[in-house]
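Before any comments, here is the structure.
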Amino acid sequence: MNHRPLLAIPMLVAALAAQAQDRTADPLGPLAQCINRSEFQFRQQDRLPAHVTTRSVKLATGEGRVSVADGYRLMLFRKGSLPLVNLKIERSAAGRFAADRDTIVAQMQQMAANSKAPQLVSLETDTRQGVEVLGLNNPNVTQSAGIISLYTLLHAASGTVATAYLLNQPADKREFATDAQYQALRDQFISSLAACMADPAP
């Protein structure tokens, strides 16, 4: 009788357990708290389930995978009753950040390439305090339903990825009245986020 398949089951279970997140530590907790000390604060904080170790992204070549060793989803508010940013902060699995970065950059390049007038966007890039910043911005607030801007910030030193969806609001409740006011608010948030990623300590 061949028992090899039965012997493989405990090894498979052990491998899956090793991939699951280590909940004895909270490596992204300081970053979340740093963000919360800014003008943009969360009223909802959801930690990624421990069994989730990857997420999928759409690429021109098909589906790509990004590793996720830990993560949070934060809904950020400023002064009003409506959220301004849907923010995801994630830590790449050990040794996977460079590959994750390549996949994310390819995804954002593809999103820019797929955009069409009048919402034609280009991929904007910058580096601040060792944090790589990639941005896709719709050109006009009044023509942007739902998401106005999408930003990904990458911090190689800590293996951290932040994905920020900056949200539009109903015209009568907006915290910005013009494109210029929105851009100033957006830049303020991205600056605060990059600073926290570079150094989350109080």
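Observations, loosely collected:
- The stretch 64-101, subset of a type in the set (D, E, K, R) and at pLDDT below 95, residue farthest from the chain's Cα centre (by Cα): 79
- Qualifying residues in the stretch 112-127 (those that are of a type outside the set (Lys, Arg) and part of a loop (DSSP other than H, G, I, E, B)) - the one surrounded by the most Cβ atoms within 10 Å (Cβ to Cβ): 121
- Looking across the stretch 60-75 at every residue that is in contact with a Ser or Thr (Cβ under 7 Å, 6 or more places away or on another chain) and in a strand (DSSP E or B), the one that is most open to solvent (accessible area, probe 1.4 Å) is identified as 63.
- Residues in the stretch 87-96 that are open to solvent by 30 Å² or more (accessible area, probe 1.4 Å) and not small (Gly, Ala, Ser): 3 in all.
- Residue tally, condition more than 16 Å from the chain's Cα centre (by Cα) and either farther than 22 Å from residue 88 by Cβ or in a helix (DSSP H, G or I) (or both), over the stretch 151-186: 15
- Every condition in (1) modelled with pLDDT of 95 or more; (2) among the hydrophobic types (A, V, I, L, M, F, W, C); (3) open to solvent by 40 Å² or more (accessible area, probe 1.4 Å) holds for residue 104 except the one numbered (3).
- Cross-chain or 6+ apart pairs with Cβ under 8 Å, the stretch 150-161 first and on the phi > 0 side of the Ramachandran plot and of a type in the set (Gly, Ala, Ser), then open to solvent by 20 Å² or more (accessible area, probe 1.4 Å) and part of a strand (DSSP E or B): 159/91
- Enumeration of residues in the stretch 27-43 that are surrounded by 14 or more Cβ atoms within 10 Å (Cβ to Cβ) and in a loop (DSSP other than H, G, I, E, B): 27, 28, 38, 40
- In the stretch 76-104, residue farthest from residue 39 (Cα to Cα) [restricted to those that are of a type in the set (A, V, I, L, M) and not in a loop (DSSP other than H, G, I, E, B)]: 99
- Filter pass, residue 162 being open to solvent by less than 40 Å² (accessible area, probe 1.4 Å) and in contact with a His (Cβ under 9 Å, 6 or more places away or on another chain): yes
- Some residue of the stretch 195-202 being modelled with pLDDT under 95 and either in a helix (DSSP H, G or I) or surrounded by fewer than 19 Cβ atoms within 10 Å (Cβ to Cβ) (or both): yes
- Search result, residues across the stretch 60-102 that are among the basic types (Lys, Arg) and over 18 Å from residue 167 (Cβ atoms): 65, 91, 96, 101
The values are calculated or read from the model by the stated rules, or taken from the named source; none is laboratory data. Here the structure is a predicted model, which means the values were calculated and not measured. Ideal geometry is used to build each Cβ from the backbone, glycine not excepted, and the neighbour counts take in all protein chains shown. Quick note on the areas: whole protein, heavy atoms, side chains included, nothing else; ligands and nucleic acids left out. Shrake-Rupley method; radii C 1.70, N 1.55, O 1.52, S 1.80 Å.
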